[in-house]
Amino acid sequence: LDTTDTPDRLDGSHPDSKMIFVYDIAQALSDKIIKRPVVFHPDVKKVTLTYEDLETGKTISAEEVPWEEIEQRKISARRYITSIKPMRQQIAIACELLKEQRMRTPEPYKPLLFLVAISIRDAENIAKELEKIGEKYGIRKVLLVHNETEDERKEAARDLNKNPQTEYDAVVSVLMLREGWDVRNISVILLFRKFCFKEMDGKKISVYGPQVIGRGLRRMSKNPEEWESLYIVDHPILKHRWLWENLKATEYPASFTSAIDSAS
């Protein structure tokens, strides 16, 4: 008997066994086995998501970034970083949501913010900005983890689930922390990059997107009556609607005008 979390693959291959039962995300939500994903979108008029192309020196929109080529590693992600202004605005929204999650998180867990960057330099910039503006939101210690960080930081990331009252308030990474990294108290996820999909058999299939969001879906409480939520800060220009439909997420336009204005 084979079991798998990823029966659909981008290379078109499938498990060599006959599918006899599928327990999908909708059923897991209905049974309250996972957290309820809630997606917040900022007003596109207030938050214009742009990136700096380090090769050309130009500022480009999210739609101009070659996401598919980056995901397929045909173009290096190191070439792009998030522009400072929208970065600060999105961080402010995520920090406001983390404040809200502190009032909802069951004991003894401390809620964590998880930020996903496009490149290593982008992750470093995000961590610096978070340390600058995060203190007023109660964020005092940020864990930056990517392929080039020292082993003790990677070890700290792996061990986060061992201590529900961790010393860290936020984790910033690229695409290193995906499948197999399970930290129950991830309560807010902030996306600074797009996840692509392939159309296969009438379905939109992605590997990276669900893996990243899955890091925050494990529940903390064992009480079935306490249904926890995972807050996700996305941007409409990244066009992730397919992902939220697949995950049966509830979508809300973010109404954190004061947070955006103060971050600007």
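The values are calculated or read from the model by the stated rules, or taken from the named source; none is laboratory data. For clarity, every value in this text was computed on a predicted model and none was experimentally measured. Don't worry about glycine lacking a Cβ; one is built from the backbone with ideal geometry, like all the others, and counts go over all protein chains shown. Note: areas computed on protein heavy atoms with side chains; ligands, DNA, RNA excluded. Shrake-Rupley method; radii C 1.70, N 1.55, O 1.52, S 1.80 Å.
The strands (runs of 3 or more DSSP E) located wholly in the stretch 76-164 include none with 3 or more residues which are touching a Cys at 6+ places or on another chain (Cβ under 9 Å) and at pLDDT 95 or above.
When the residues of the stretch 110-155 are narrowed to those that are of a type in the set (Ser, Thr, Tyr) and over 15 Å from Gln89 (Cα atoms), which ends up farthest from the chain's Cα centre (by Cα)?
Per the criteria, the residue is Thr149.
Anything in the stretch 115-129 that is surrounded by fewer than 24 Cβ atoms within 10 Å (Cβ to Cβ) and more than 16 Å from Glu150 (Cα to Cα)? List them, or say none. Across the stretch 115-129, the qualifying residues are Ser119, Asn125, Lys128, Glu129.
Being small (Gly, Ala, Ser) and open to solvent by 10 Å² or more (accessible area, probe 1.4 Å) is the filter; apply it to the stretch 47-82 and report the residue that is farthest from Arg193 (Cα to Cα). Result: Gly57.
Here Ala92 meets each of (1) over 22 Å from Val183 (Cβ atoms); (2) without any contact (Cβ under 8 Å) to a residue 24 or more places away in the chain with one exception, condition (2). Within the option set Ile93, Ile133, being open to solvent by less than 60 Å² (accessible area, probe 1.4 Å), out of contact with any Ser or Thr (no Cβ under 6 Å at 6 or more places or on another chain) and within 25 Å of Tyr208 (Cβ to Cβ) holds for one residue only, Ile93. When the residues of the stretch 192-220 are filtered to those that are part of a loop (DSSP other than H, G, I, E, B) and modelled with pLDDT under 90, which remaining residue is surrounded by the fewest Cβ atoms within 10 Å (Cβ to Cβ)? Here the answer is Gly202. Going by what's in this entry, would Ile81 be described as among the aliphatic types (A, V, I, L, M), without any contact (Cβ under 8 Å) to a residue 60 or more places away in the chain and touching a strand residue (DSSP E or B) at 6+ places or on another chain (Cβ under 9 Å)? It is true that Ile81 is among the aliphatic types (A, V, I, L, M), without any contact (Cβ under 8 Å) to a residue 60 or more places away in the chain and touching a strand residue (DSSP E or B) at 6+ places or on another chain (Cβ under 9 Å).
The single condition from (1) touching a helix residue (DSSP H, G or I) at 6+ places or on another chain (Cβ under 7 Å); (2) modelled with pLDDT of 95 or more; (3) in a loop (DSSP other than H, G, I, E, B) that Val44 fails is (2).
Residues that are modelled with pLDDT under 90 and either in contact with a Phe, Trp or Tyr (Cβ under 6 Å, 6 or more places away or on another chain) or of a type in the set (Phe, Trp, Tyr) (or both) within the stretch 221-241 comprise just one, Trp227. Of all the numbered requirements in (1) under 19 Å from the mean Cα position of the chain (by Cα); (2) β-branched (Val, Ile, Thr); (3) assigned to a loop (DSSP other than H, G, I, E, B), Val39 misses one, and that requirement is (3).
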